[in-house]
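Derivation of every value follows stated rules applied to the coordinates shown; laboratory data play no part. Quick caveat, the model's predicted, so the values are computed rather than measured. With ideal geometry, Cβ positions are generated from the backbone for all residues, glycine too; neighbour counts draw on all protein chains shown.
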Amino acid sequence: MSFAISGICDSKFAAVRDAFAANFEAGGEVGASFAATIDGKPVVDLWAGHADAARTRPWERDTIVNVFSTTKAMTALCAHILVDRGMLDLDRPVADYWPEFARADKATLPVRYLLSHTAGLAAIRQPLATEALYDWTRMTNALAAEAPWWLPGTISGYHAMTFGYLVGEVIRRVSGKTVGTFFRDEVARPLGIDFHIGLPTDAGTRAAEMIPPSAEEIAAAGSAAAVDPDSLLAKVMGNPRIAPELANSRAWQEAEIPAANGHGNARSVAQVMAVLACGGARDGVQLLRAETLARAIEPQCYERDLVLGFPIRWGLGFMMASDDLPLGPNRRTFGHGGWGGSLGFADRDARVSWAYVMNKMSPGTAGDVRGFGPITALYASL
């Protein structure tokens, strides 16, 4: 069965197009896009498939989709813009900017712990309904009252959902803008990109349907997709309860959930990461000074993450390439992956950025390899 691959691909990177097409031919995709830049210039911008499970809506050039935790790279960037402007000091206590946060022995906890997932606030003890995810005040009040689950600064535990409210509230207190508004004004508009944290109603018609893994796919993944109900991961994902299907609701799409509900496509993600791959500036738009970016990607922690259960090399808001998470040949490669398989990364050494975005979710929290075929082909073609 042949699949129509749309978009542009420099002839030098024909192998990338072939690898992208192979995912569809293998039956692993419904709809997806892949994009890459070198020195800030697009060299690959591909899309194919369908935007819905029924396969009635073609995936178009302007199709966007929920990228789940790839959103965290955008939220981290917003924080570092404030650092670059001298408005935010990562070594000052969070409570200096957000006084209510000082409760439960958190008065001296520094901002950098929020970005490095070492704050001990990955989960919330107070029972919360799923609807709380859409209530900014309720979530930030709960986190201000929460006591750390482990000694802050000693080890990482992936703040899968709380990252966005914690970092986002600091951004709001410092800038006077919500994360979605700050990102729109300071990143999306200057760069002319189609990425949203809080999806406008008029953009909702372009959003692809997220397709959860089937029961058969989960069963086939076995233990890799299983979550121990007594684990910290279960507490992280179960209060408020998170489910893939939420991404298709207007309540989820319209809310600002800066850890998980960013909407874009591979082109928009790769364009943001291209600025970082080029040192903080591209096409006359400077988001960060090179020295600010260098501090943002200094490794903060690299050991077995308490939530994810495998080693992650964390920068300040960014996943960093490592032996356990190889993302090409260079260690100054950083960005974020998202639940189900999306990826968005920048390589400072090669001045390359790339992104993979799809609507068919894989089971489990790790192990999706669909994006790595095009990435491997990309680096082999350089």
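Take the alpha-carbon centre of the range 199-263, take the same for the range 322-377, and report the distance between them in whole Å.
Using only Cα atoms, the two centres lie 19 Å from each other.
Which distance in nm do the two modelled labels at Thr292 and Leu128 give, with both placed 7 Å along the Cα-to-Cβ direction?
2.8 nm
In the chain, if the dipole is taken from +1 on Lys/Arg beta carbons and -1 on Asp/Glu beta carbons about the Cα centre, which of Pro99, Asn248, Leu151 is farthest to the positive end?
Going by the Cα projections, it comes out as Pro99.
Quote the charge dipole size of the range 324-370 about the Cα centre in Debye, to the nearest 20; the model charges only the Cβ of Lys and Arg (+1) and of Asp and Glu (-1).
It comes to approximately 120 debye.
List every residue whose amide H lies under 5 Å from the amide H of Gly315, counting only residues 5 or more places away in sequence or on a different chain, with H placed 1.01 Å from N in the peptide plane.
Gln300, Met320
For Lys12 paired with Arg85, estimate the spin-label separation in nm (one decimal), with each label point 7 Å from Cα along the Cα-to-Cβ line.
Going from the Lys12 label point to the Arg85 one covers 3.6 nm.
Just want the answer: with Cβ charges of +1 for Lys and Arg and -1 for Asp and Glu, which residue in His336, Ala355, Thr181 is farthest toward the dipole's positive end in the chain?
Of the listed residues, the answer is Thr181.
Report, in debye and to the nearest 20, how large the dipole of the chain comes out about its Cα centre when Lys and Arg carry +1 and Asp and Glu carry -1 on their Cβ. Write down the numbers at each step before the final one.
Values: 35 positive and 41 negative charges, 118 e Å.
Roughly 560 debye, rounded to the nearest 20.
What is the order of Glu209, Glu60, fewest Cβ neighbours within 10 Å to most? Before the final figure, lay out each step's value.
Details: Glu209 19, Glu60 15.
Neighbour counts put them in this order, fewest first: Glu60, Glu209.
What number, rounded to the nearest 500 deg cm²/dmol, is the helix-based mean residue ellipticity at 222 nm of the chain, given -39500 (n - 2.57) per DSSP H run of at least four residues and division by all its residues?
Working: 13 runs with 112 residues, N = 382.
Calculated mean residue ellipticity at 222 nm is -8000 deg cm²/dmol.
Could you tell me which residue out of Pro58, Met210, Pro190 lies farthest along the dipole of the chain toward its positive end? Charges go on the beta carbon: Lys and Arg +1, Asp and Glu -1, centred on the Cα centre.
Pro190
Starting at the first residue of the range 80-93, write each ³J(HN,Hα) from the Karplus equation 6.51 cos²θ - 1.76 cosθ + 1.60 with θ = phi - 60°, in whole Hz, x for Gly and Pro.
3J(HN,Hα) across the range 80-93, in whole Hz: 6, 4, 5, 4, 4, 8, x, 8, 9, 10, 5, 9, 7, x.
Taking amide hydrogens as modeled 1.01 Å from N in the peptide plane, which residues meet the under 5 Å criterion relative to Gly340, leaving out close sequence neighbours?
Ser362
What does the highest-first list of 139-151, 21-33 look like by mean Cβ count within 10 Å?
Packing order, densest peptide first, comes out as 21-33, 139-151.
Over all alpha-carbon pairs in the chain, figure out the percentage whose distance exceeds 40 Å.
Numbers: 5654 of 72771 pairs.
Roughly 8 percent, once rounded to a whole number.
Once phi is turned into ³J(HN,Hα) by the Karplus curve 6.51 cos²θ - 1.76 cosθ + 1.60 with θ = phi - 60°, what whole-Hz value does each residue of the range 14-27 show in order, with x for glycine and proline?
4, 5, 5, 4, 5, 5, 5, 5, 4, 4, 6, 5, 7, x
Once the Cα gyration tensor of the range 121-175 is diagonalised, what are the square roots of 5 times its eigenvalues, in whole Å and ordered largest first, as equivalent ellipsoid semi-axes?
18, 15, 10
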